[in-house]
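Reading through the structure tokens given below for one structure.
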Amino acid sequence: MTATPAPAARPATVSASRPGWRTPGVIVLAGCLIAMISFGPRSAMGFFTNEMSVDRGWALAVFSLSAAIQNILWGIGQPFAGALADRFGVTRVLMAGAVLYALGLVWMAHAADPFSLHMSAGVLIGFGLAGCSFNLVLAAFGKLLPLSWRPMALGAGSAAGSFGQFLFAPLTVFLKGTIGWEATLTLFGAAMVMVLPLSVVLMTPRAEEPAGDPSAAETQTLKAALAEAFGHRSYNLLVAGFFVCGFHLAFITIHLPKYLVDHGISNAVGGWVMALIGLFNLAGSLLAGYWSGKVSKPYLLSAIYAARAALIVGFVLLPLTPLTALAFGAGIGLLWLSTVPPTSGLVLVMFGPRWMAMLFGVVFLSHQIGGFLGVWLAGLLYDSTGSYDVVWWLGVALGLFAALVHLPIQERAVVRAAPVSA
């Protein structure tokens, strides 16, 4: 089925004052580097679970709660960060987020009690991610790039985050064994400073400076944009479906390394499993970006979630060996962030680029609510039952739910009245 293209009345929103050196290629490269740097440390959080729990004498639920707080605050902060980026430009928000993220990583390295862990790994990193993660990078791509660049750029931005996971997973294992986990977290905090100069490349125009003749979308207020979105059935279905993506990703990111160790798989193999998730997501995200411009985005999303459910069933039922663990990493990697290009693409098609950062931020809030529950419930159930089995099967059921909920989504732009002339 061929996807319905975005209307010609919505050209790329590119700042008329953009310097000549900020070509589409430079913008995509800078955005991908930001996505890689910001997603890397967050994706490696699961490798600090055992060390922090043993060294500090904490139950697994303590670390799980910090990760859950991080996920939910990342989600809660995302619509606000998106609205600020839409109003004042992406660069300022990216810089503020990078600073919070760096401070959170450094404080986490020296957290001596659960409250400090919750404030650092939970609050600071959560809000930091809201301000400097790939979500704002994708919104900047939607505002700055020509229409012909957008599908592949959205896939590349998602894939870059996964390359950060591929890079940081084995790097974390190596650094922990070489300089210790505290110094590793501090080093990751220092690396976040690189986001500051890169964010200048993604400078977008302020809301009060629309390029050309204002359209109905460009003059729309934030309140009107939210009312329009939540009155749109397809948008609400998209919000519900992205909840499942967050549940899967957060649970696997935080708890898969421990699950593997509990079943006799070495920490080194676990590092390569997480690295394979990142590596294969490079291909998965790029392919999703390509196919979201060729086929129906709702049908593509439905297929991705159904495939996730089938893969988890096979992983749980088959004997767990290093080979099957690595195969699962490769398979789930293909499906990891492949949901992001068609999901963000649907927001762009339905509502245009004007409030994309904020509207996609609301969708992402649902993702992070799912992530909160996935991480927190897994820790509680593991402490009470000694097993992750219930959470794996819940992931299967949610995958099937998401596969069904995306089918009725309509891939077309909302119809707005033309602005009244003065």
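The values are calculated or read from the model by the stated rules, or taken from the named source; none is laboratory data. Quantities reported herein were computed from a predicted structural model and do not represent experimental measurements. Cβ coordinates were reconstructed from backbone atoms using ideal geometry, including for glycine residues, and neighbour counts include every protein chain displayed. With ligands, DNA and RNA removed, areas are computed over all heavy atoms of the protein, side chains included. Shrake-Rupley method; radii C 1.70, N 1.55, O 1.52, S 1.80 Å.
Identify all residues within segment 161-190 that are surrounded by fewer than 16 Cβ atoms within 10 Å (Cβ to Cβ) and in contact (Cβ under 8 Å) with a residue 12 or more places away in the chain; write none if there are none. First the steps, then the outcome.
Applying the first criterion (surrounded by fewer than 16 Cβ atoms within 10 Å (Cβ to Cβ)) to segment 161-190 yields 174, 177-180, 183, 190.
Passing the criteria: Ala183, Ala190.
Just the residues that are open to solvent by 10 Å² or more (accessible area, probe 1.4 Å) and either modelled with pLDDT under 85 or of a type in the set (Phe, Trp, Tyr) (or both), please, taken from segment 284-293.
Leu286, Tyr290, Trp291, Gly293
Scan segment 228-240 residue by residue and report those that are part of a helix (DSSP H, G or I) and either open to solvent by less than 70 Å² (accessible area, probe 1.4 Å) or among the β-branched types (Val, Ile, Thr) (or both).
If the condition is that a residue be part of a helix (DSSP H, G or I) and either open to solvent by less than 70 Å² (accessible area, probe 1.4 Å) or among the β-branched types (Val, Ile, Thr) (or both), then Glu228, Ala229, Ser234, Tyr235, Asn236, Leu237, Leu238, Val239, Ala240 are the ones that fit.
Taking segment 70-98, which residues are of a type in the set (D, E, K, R), closer than 20 Å to Leu348 by Cβ and open to solvent by 10 Å² or more (accessible area, probe 1.4 Å)?
Result: Arg87, single match.
Only helices (runs of 4 or more DSSP H) wholly contained in segment 302-405 count here; list those with 2 or more residues that are open to solvent by 10 Å² or more (accessible area, probe 1.4 Å) and touching a Gly at 6+ places or on another chain (Cβ under 7 Å).
356-385
Would segment 149-169 turn up any residue that is farther than 18 Å from Leu282 by Cα and small (Gly, Ala, Ser)?
Within segment 149-169 (the criterion being farther than 18 Å from Leu282 by Cα and small (Gly, Ala, Ser)), the answer is no, since none of the residues qualifies.
If you scan segment 64-112, which residues turn out to be over 23 Å from Ala191 (Cα atoms) and without any contact (Cβ under 8 Å) to a residue 40 or more places away in the chain?
Of everything in segment 64-112, just one residue is over 23 Å from Ala191 (Cα atoms) and without any contact (Cβ under 8 Å) to a residue 40 or more places away in the chain, namely Leu84.
Residue check, Asn135 against (1) of a type in the set (S, T, N, Q); (2) surrounded by fewer than 21 Cβ atoms within 10 Å (Cβ to Cβ); (3) closer than 21 Å to Pro342 by Cα, all met but one. Which one?
So the condition that Asn135 fails would be (2).
Scan segment 102-117 residue by residue and report those that are surrounded by 18 or more Cβ atoms within 10 Å (Cβ to Cβ) and either of a type in the set (Phe, Trp, Tyr) or in contact with a Ser or Thr (Cβ under 6 Å, 6 or more places away or on another chain) (or both).
Gly104, Val106, Trp107, Met108, Ala109, Ala111, Leu117
Of the residues in segment 36-69, how many are polar (S, T, N, Q) and open to solvent by 10 Å² or more (accessible area, probe 1.4 Å)? Show your work before the answer.
So in segment 36-69, the residues polar (S, T, N, Q) come out as 38, 43, 49-50, 53, 64, 66.
From the residues that got through so far, the ones that are open to solvent by 10 Å² or more (accessible area, probe 1.4 Å) too are 50, 53.
The number of residues fulfilling the criteria is 2.
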